[in-house]
Each structure stands twice: as C-alpha cells, then as structure tokens.
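Report on the following structure.
The values are calculated or read from the model by the stated rules, or taken from the named source; none is laboratory data. From a predicted model like this one, the values you see are computed outputs, not experimental measurements. Here Cβ is always computed from backbone atoms with ideal geometry, including for glycine, and neighbour counts include all displayed protein chains. All accessible areas refer to the heavy atoms of the entire protein, side chains included, with ligands and DNA or RNA removed. Shrake-Rupley method; radii C 1.70, N 1.55, O 1.52, S 1.80 Å.
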Amino acid sequence: MQRRELHRLALAWALSAWAGVPGAHAAARRPLGGPRWQADPFALGVASGQPRPDGVVFWTRLVFSPADMAQQALPQRVRCEVFADEALRQPVRQWEVETDARRGHSVHVVAGGLQPGTRYWYRFVCGDAASPVGRTRTAPHAGERVGLLRIAQASCQHYEQGWYAAHREIAQRELDFVLFLGDYIYESSNAKYRLRAHQGGVPMTLDDYRARHAQYKSDADLRACHAAHPWVMTWDDHEVVNDYANDLDNRYSDPQAFLRRRAAAYQAYFEHMPLRIGPDAEQPHRMRIHERMVWGQLAELWTLDCRQHRHHQACPDPNRGGARVVIGCDALQEAGRSMLGAEQEDWLMQGLAASTRRWKVLAQSTQMSSSGVATPMGRSSFNDAWDGYPLARERLLAGIQQARLEDVLVLGGDVHMNVAAQLRLRPNDERSPIVASEIVTTSVSSRGMGERLLASIREHNPDLCHARADERGYTWLEVRPEGVRASFRATPFPARSDSVLREQAQFLVQSGHAGVARA
Ligand code: FE
Ligand code: CA
C-alpha cells in the first residue's frame with residue numbers, strides 16, 4: 001500500500017471517529033482544507049513536553065518531500081486535536097495554528113485548559129494528512145499529595161555511535177515524563193565509533209542544524225519515545241558545538257560570529273522540541289531553557305542551563321580551546337566564576353529556599369561531584385564540568401546547607417557514565433557533611449571513557465559510590481515521599497538495534513538523609 005493511501009485511510013478513519021461523537025465541535029468534523037500530500041509531512045513524528053497541571057506543549061514539524069516542495073513556500077494550517085481516549089473517540093479540545101518557513105514549519109501548541117494528572121492522546125492534521133497519535137500526561141494539581149513520580153532520565157544520544165535501545169525501552173514503560181539532560185544532537189563525528197552516519201558536515205547554519213535535528217528524528221525509537229511520553233528537557237554543549245561556554249567556542253572564533261551560529265542552533269533546537277519559548281525575538285542568540293516545575297506536593301524540579309550563561313573554562317589550552325584537564329590552575333578559585341550565571345544562580349537559590357515540596361530536584365546537564373585525580377603537581381580538575389567551577393558548586397551546596405534543605409537530588413548527564421555520588425561541601429572530605437545526592441545517567445549511545453582512567457578517578461574520589469562508563473542506557477527514577485530509587489538500565493557499548501537493557505545497579509536516597517546508598 002502506498003504511504004499516501006495509508007494516510008487517506010488514517011484520515012478517513014479519524015474523521016469517522018469525529019463524526020461518531022455527539023459532543024464533537026462542528027469544526028472538528030469539518031475536514032481541514034489544504035494540501036493533498038504525496039508523502040508524509042509528519043515524518044518527524046509528534047511530541048509533548050513541559051507538563052503543567054493545566055496543560056502541556058504539543059509539537060510537530062512539517063517536512064516536505066520533493067513532490068510536495070510547492071507547499072514549502074506556503075503558510076500551512078495545522079490542527080492539533082486532543083482526546084481523552086486512545087481510540088480517539090472522546091475529543092477534548094483542539095487548536096488550529098498557522099506555520100511557515102520562517103519557523104521551519106514547526107508547530108508548538110501551548111495547550112491550556114486540560115485536567116491535572118490526566119492522560120491525553122493527541123495528533124495533528126494538515127490537509128489530507130494525519131500525524132501518528134501521541135500520548136501525554138499533565139502534572140498533578142500543585143496541592144496534591146502525590147505518592148509516586150516516575151522519571152526516565154537520559155542524555156547524550158550520538159546518532160553515529162549506537163542505536164536508541166534506551167528509547168525503545170522507555171517508550172514501552174509507564175511513567176510520568178522523560179527527563180532529557182542534553183546532547184540531543186551531536187555536531188561532530190568520530191569515524192572510530194561510527195555505526196551509522198551523519199548526513200552532511202559539521203552544522204554551521206540554521207538549515208544545517210535543521211537537517212541534523214531532522215536526521216535524529218528519523219530514528220523510529222526516538223520518535224516512539226517522544227510520542228509515548230511528555231519530555232522535560234535542558235541542553236548541553238553539542239546542541240551547538242562541543243565544549244562551548246557562553247559566547248566562546250572551542251576554536252576561539254570571533255564571539256559575534258559564534259553567537260550567530262549559536263542563534264541558528266538554538267532556533268533549530270526550538271523548532272524540534274516541545275518547548276514553550278524559543279529564542280528571544282530581539283536577541284536570537286539568547287533562549288531561556290531553565291524552568292521550574294512542580295509535581296504536586298512531592299517534588300519541585302529546576303531544569304538548569306549550564307552552557308549559555310557560564311564563565312569560560314578556566315586555564316584553557318591557548319592553542320585549542322574548550323575543555324581539558326587542568327592542574328595548578330589558580331583561575332579556578334576566582335570568586336565570581338559561575339556555571340549558571342548570577343541571575344540563574346539567584347533564581348535557583350531563592351527557589352530552593354522557598355520550596356515547600358519534599359524533593360528538590362536539580363536537572364542539569366553535567367556532573368556535579370568531583371572527578372579529579374591527585375598528581376605529583378597537584379590535583380587535576382576537568383575544567384568543563386562543575387570541577388571547573390568549584391566555588392560556584394560550593395556556593396550552591398553551602399546555600400542548600402544553610403537553608404537546611406534535606407532532600408536535594410542533583411541529576412546530571414554529559415559524562416557518558418552512570419554515577420551515584422555524595423555531594424559534600426568539601427568534596428571527598430569525610431568530615432564535611434553530605435548535603436545532597438547525585439545521580440548522573442550514562443549516555444543513550446555516546447561512547448564513554450576508558451576503564452583505566454575511570455579506575456583512577458574512582459580511587460581518588462571516595463564520594464563516587466558508583467561510576468561506570470562502559471555501558472549505555474538511561475536511569476529509571478521512582479520518587480516517593482519516603483525516598484528515591486534510581487535504577488541504572490544499561491547495555492554494553494555499543495547499543496545495537498536489538499540490544500536489550502538490564503539493571504546495572506540500584507541506589508536509594510532516603511528522605512531526611514542526604515546521600516546515596518546501594519540498594
Ligand atoms: Fe555527550
Ligand atoms: Ca556534553
């Protein structure tokens with residue numbers, strides 16, 4: 001059967017479903033005018049994200065086959081339909097929006113008026129095409145005493161380095177939302193670990209970044225995972241370029257030129273994600289990704305931006321910018337240096353201090369615990385993670401301690417390894433109190449560091465209760481009033497198309513007792 005025919009059938013079936021509902025709005029039964037598509041304009045799939053008690057963001061982006069190219073120059077009307085049931089017999093609400101080439105024909109419907117803690121199904125219609133059906137869930141009422149929050153924590157999905165076995169498993173599970181902590185796309189390649197290939201070279205322009213995002217969404221497991229659950233997201237460096245910090249890239253490009261590239265990358269990121277806000281209209285190299293989110297009385301979650309507002313890495317290689325391991329770097333101790341930027345840091349500290357929810361969850365892109373190694377010349381520090389911003393880390397942890405916050409859980413990604421760690425005011429100092437707990441998830445597909453280096457990191461960092469970089473996967477989190485259970489779901493590198501994940505290790509964080517313990 002031709003794809004086009006399939007879509008006709010899907011649409012006919014969908015319209016018959018509308019017609020069979022007495023309460024359906026008149027407009028809902030009216031077929032939407034518009035193109036007769038030769039190929040599926042919804043090939044990138046659908047997504048939902050940033051759940052709140054009264055709504056979520058619904059996303060799709062139209063794509064145009066060569067046969068449909070004439071449509072690309074035109075604005076397109078797209079309808080987003082929301083249902084209370086999987087069979088799409090009980091329509092709830094619908095929106096009609098217009099999109100065009102200036103926003104890459106992306107569609108963001110910021111849906112309100114939904115019920116808290118409720119599951120919904122949705123799809124998009126444009127002309128004679130209907131999208132796949134997505135499923136989402138709103139956040140519970142802010143006052144509700146929620147007993148359980150289930151999160152799939154994931155990051156780092158280099159397309160070339162493996163298949164998305166993690167997403168395939170996540171898509172099949174019952175959970176509240178996927179928490180993706182960055183490196184959604186990679187701009188760069190490493191021929192050594194290539195199982196499948198990026199199309200095109202390193203992206204520089206908006207069209208380049210659009211094409212890269214579209215290629216990532218050509219993966220059926222990733223699309224299924226978006227369609228199955230709402231996502232909550234932040235980004236890391238590879239959404240723009242490896243190791244970038246604020247207005248500086250790893251080649252010391254002219255900051256003005258780099259900010260134009262960053263604007264292109266942010267725009268393409270927004271066009272492909274279920275987000276409420278995109279780049280700033282006046283300053284398109286700025287985009288707010290940090291957000292606060294509430295899950296009943298159980299949890300409050302801050303998604304943080306560790307890239308856009310940070311100070312440049314300390315003591316970089318003058319010939320080759322970006323991250324490196326530094327020893328004897330005095331600049332690390334400069335008091336004003338910040339990972340989040342002063343504004344975001346204040347916003348977070350004020351929010352933490354004011355929070356009345358049991359669990360305070362910091363969802364950020366990198367590792368907060370230390371991973372330095374003692375050398376004859378002094379202790380080494382990886383200048384790109386929180387070790388490169390030690391006073392900012394200390395400010396944050398001291399603030400948590402001074403506010404007497406007991407149940408702070410830091411979630412991270414970026415380093416391509418599973419980590420369960422104690423966060424002390426003074427890292428690895430047994431006399432220093434543990435003030436928070438950290439769970440870093442391994443990468444979905446990106447390769448991790450070698451075991452020899454990791455063994456020495458483990459040896460020099462007793463705060464790391466678990467650190468394994470050899471496997472790929474995601475982390476399953478169950479948040480309950482009395483405690484959090486983190487299960488590292490993993491498969492050996494590389495994740496193949498038929499990989500099945502198993503449990504690597506499980507850790508518990510008890511309410512009222514900061515710190516992780518093996519389950
Ligand atoms: Fe990564
Ligand atoms: Ca990264």
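Per-peptide packing, taken as the mean over residues of other Cβ atoms within 10 Å, places 288-301, 247-260, 219-232 in the sequence 219-232, 288-301, 247-260 from highest down. Distance between the modelled labels on R276 and R320, one decimal in nanometres: 4.2 nm (7 Å Cα→Cβ projection). Comparing Cα centroids, region 469-483 and region 86-122 end up 30 angstrom apart.
Surface exposure of region 281-422, expressed per residue as accessible area with a 1.4 Å probe, stands at 38 Å².
What's the ranking of 269-278, 375-384, 465-474, 416-425 by average number of surrounding C-beta atoms within 10 Å, highest first?
Numbers: 269-278: 21.2, 375-384: 16.9, 465-474: 23.2, 416-425: 25.3.
Order by mean packing, descending: 416-425, 465-474, 269-278, 375-384.
Residues whose amide H lies under 5 Å from that of S371, counting only those 5 or more places away or on a different chain, are F382; hydrogens are built 1.01 Å from N in the peptide plane.
With a 1.4 Å probe and all protein chains left in place, how much of the accessible area of region 410-519 comes from carbon and sulfur atoms, in whole percent? Accessible surface attributable to carbon and sulfur in region 410-519 totals 49 percent.
For region 101-163, the fraction of 1.4 Å probe accessible surface lying on carbon and sulfur atoms is 52 percent. If you take the Cα centroid of region 210-249 and the Cα centroid of region 317-362, the two points sit 23 Å apart.
Using per-residue counts of other Cβ atoms within 10 Å, averaged over each peptide, order 477-483, 314-320, 326-332 from highest down.
Details: 477-483: 17.6, 314-320: 13.4, 326-332: 15.3.
Packing order, densest peptide first, comes out as 477-483, 326-332, 314-320.
What a 1.4 Å probe finds exposed on region 224-289 is 46% carbon and sulfur by accessible area, rounded to a whole percent. The R288 and S65 beta-carbon pair, evaluated with R₀ = 45 Å, returns a calculated FRET efficiency of approximately 0.85. Based on DSSP, what percent of beta bridges with both residues in region 120-225 are antiparallel, to the nearest 5? Counting DSSP beta bridges with both partners in region 120-225, the antiparallel share is about 55 percent. With a cut-off of 8 Å between alpha carbons and a minimum separation of six or more residues, what is the relative contact order of region 93-172 in percent? Computed over region 93-172, the figure is 18 percent. Taking Cβ separations below 4.7 Å as the criterion for a possible disulfide partner, the isolated cysteines in the chain are C80, C126, C156, C225, C306, C465. May I ask you to evaluate 6.51 cos²θ - 1.76 cosθ + 1.60, the Karplus curve with θ = phi - 60°, for each residue of region 239-244 and list the ³J(HN,Hα) values in order in whole Hz, giving x for glycine and proline? Going residue by residue, I get 5, 10, 7, 3, 6, 5 Hz, with x marking Gly and Pro.
Given Cα pairs under 8 Å that are at least 6 residues apart, what percent is the relative contact order of the chain?
14
Could you pull out which residues in region 374-404 have an amide N less than 11 Å from a spot 7 Å beyond the Cα of E459, following the Cα-Cβ vector? Counting only backbone N, you get 374. The charge dipole of the chain, taken about the Cα centre with unit charges on the Cβ atoms of Lys, Arg (+1) and Asp, Glu (-1), comes to about 1100 debye, rounded to the nearest 20. Considering only Y389, G412, G473, and ranking their Cα positions along the charge dipole of region 359-482 that arises from unit charges at the beta-carbon of Lys, Arg, Asp and Glu, the one farthest toward the positive end is Y389.
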